[in-house]
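Take a look at the structure below.
The values are calculated or read from the model by the stated rules, or taken from the named source; none is laboratory data. Predicted model, so just to flag it, every value in this text is computed and none were measured. All Cβ positions, glycine included, derive from the backbone under ideal geometry; neighbour counts span all protein chains shown.
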Amino acid sequence: MIRICHVIGAMERAGAETFLMNLYRSIDRSKVQFDFLVHTDREAAYDAEILKLGGRIFRAPAITPTSLARLYPFYKKFFADHPEMIVVHGHIGSVAALYLRAAHKAGRYAIAHSHAQNYPLDFSQALFRILAFPTRFVADYYLGASFEAGLDRFGEKIVNSPRFKIIFNGVSVQLYAYSEEKRRKLRKELEISSDEQVLIHVARFDPVKNQTFLIDVFNEYYKLNPQSRLLMVGGGGSEGPTLRNKIENYQLTDVVKFLGIRSDVNDLLQAGDVFIMTSFSEGMPVAISEAQTAGLPCIVTTGFPEAANWSGEVRFVDLNAGIAAWVVAIKNAFQRSMDPHYMRSAGVERAQENGFDITTTARWFEDFYIVEASKRIG
């Protein structure tokens, strides 16, 4: 058995972390075992499950402006103390140049993985890009959730080389198979009637997700269709209070439900009719794969890569088109979902056909990790 060290911030219920856990549950752990180097002292949502699956959790200093000088010596000592970690798989872009350089110098196989496209440029993003730029010179191999995610992080030379591969954010597809029984059960629990139309949104509450615009859009759609409802699944980030205040100001508190960070997203999607995300920019979020596998028509911004529409059921709307264009898109999507010929159950088959089944991804990673580790072991 070989051990892989995944370097990440904290194993919370977010996109990259959920993808990692989907992979971890599906990989043959008698051949490949995961360890996690996190940058927090607090216990995270997935920590207990990681330990149960046989993984280990190690803690590095939190990433702050004052800790940057201490991080490289920490990484250098950490990899020296853990020669059993043959492959180092990095998911944090900001300090990847530090930990992947330390890993490479320690003789490990170093992987840089980009899960998102660059966000709108502000001071923090400018600093991130400066810190992340050297990553393209220190890793052995590069992965991206989409071509665009790889291009933004690693540059054109790398994404057009044999050292880069697109890794789809696969899911455990059978968990998302459409079930009318689950739909009725969830709607009853959520106090949603059978004739109400449900928009569902899954994401952390972060400025880049642009959820204030989503509330503006829903407010206008609700004026046209008082039978519509919005489910907000997620949390964390800094936007929660702002969103709640906006909903109160619009007097939408009875029709917008905050469901928090959930472990049953696969079931909650059954209760929805249309999935929506208004992010400024995305790589290939797990949520869009989940929604399509569940058979939902989806509405997203042009900040998503075109490859996100692998089911043919995703509609892209430019944020600059204005609220009216989004209202029309929602109306059309609801009509699509109510079409008697629309087959939500086709989502699972489409996911399998397009490479979004996590079992396929897990087999690829098993072979990849073992081959590269064997070269290091000799």
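Quick one: in region 92-107, which of the residues that are in contact with a Lys or Arg (Cβ under 7 Å, 6 or more places away or on another chain) and not hydrophobic (A, V, I, L, M, F, W, C) is surrounded by the most Cβ atoms within 10 Å (Cβ to Cβ)? Break it down into steps so the answer makes sense when it comes.
If we filter region 92-107 for residues that are in contact with a Lys or Arg (Cβ under 7 Å, 6 or more places away or on another chain), which is where we start, we get 93, 102, 107.
Then keep just the ones that are not hydrophobic (A, V, I, L, M, F, W, C); that gives 93, 107.
Details: Gly93: 22, Gly107: 10.
Applying the filter and picking the extreme gives Gly93.
Regarding region 339-346, can at least one residue be identified that is under 22 Å from Leu230 (Cβ atoms), modelled with pLDDT under 95 and of a type outside the set (Phe, Trp, Tyr)?
Narrowing region 339-346 to residues under 22 Å from Leu230 (Cβ atoms): 339, 342, 344.
Now drop any that are not modelled with pLDDT under 95, which leaves 339, 342, 344.
Going one step further and asking which of them are of a type outside the set (Phe, Trp, Tyr), we end up with 339, 344.
Checking region 339-346: at least one residue is under 22 Å from Leu230 (Cβ atoms), modelled with pLDDT under 95 and of a type outside the set (Phe, Trp, Tyr).
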For region 45-64, how many residues meet the condition of being touching a strand residue (DSSP E or B) at 6+ places or on another chain (Cβ under 7 Å), in a loop (DSSP other than H, G, I, E, B) and surrounded by fewer than 20 Cβ atoms within 10 Å (Cβ to Cβ)?
1
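Do we find that Ala325 is touching a helix residue (DSSP H, G or I) at 6+ places or on another chain (Cβ under 9 Å) and either assigned by the TED database to the domain that holds Arg183 or surrounded by fewer than 23 Cβ atoms within 10 Å (Cβ to Cβ) (or both) in this structure?
Working: touching a helix residue (DSSP H, G or I) at 6+ places or on another chain (Cβ under 9 Å): no; either assigned by the TED database to the domain that holds Arg183 or surrounded by fewer than 23 Cβ atoms within 10 Å (Cβ to Cβ) (or both): yes.
Answer is no for this residue.
Can you find a residue that is of a type outside the set (Phe, Trp, Tyr) and in contact with a strand residue (DSSP E or B) (Cβ under 7 Å, 6 or more places away or on another chain) anywhere in region 19-26? Can you show your working first?
To start, the set of residues in region 19-26 that are of a type outside the set (Phe, Trp, Tyr) comprises 20-23, 25-26.
Adding the requirement that they be in contact with a strand residue (DSSP E or B) (Cβ under 7 Å, 6 or more places away or on another chain) leaves 20, 22.
There is at least one residue in region 19-26 that is of a type outside the set (Phe, Trp, Tyr) and in contact with a strand residue (DSSP E or B) (Cβ under 7 Å, 6 or more places away or on another chain).
What residue, of Thr278, Thr253, Thr361, is assigned by the TED database to the domain that holds Gly150 and out of contact with any Asp or Glu (no Cβ under 8 Å at 6 or more places or on another chain)? It would help to see each step written out before you state the result.
Working: Thr278 fails: assigned by the TED database to the domain that holds Gly150; Thr253 fails: assigned by the TED database to the domain that holds Gly150.
Exactly one residue qualifies, and that residue is Thr361.
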Residues located in region 328-345, provided they are surrounded by fewer than 16 Cβ atoms within 10 Å (Cβ to Cβ) and either farther than 24 Å from Leu214 by Cα or of a type in the set (A, V, I, L, M) (or both):
Val328, Met338, Asp339, Pro340, His341, Tyr342, Met343, Ser345
Check whether at least one residue in region 210-222 is surrounded by fewer than 21 Cβ atoms within 10 Å (Cβ to Cβ), touching a Leu at 6+ places or on another chain (Cβ under 8 Å) and assigned by the TED database to the domain that holds Val371, and report yes or no.
no
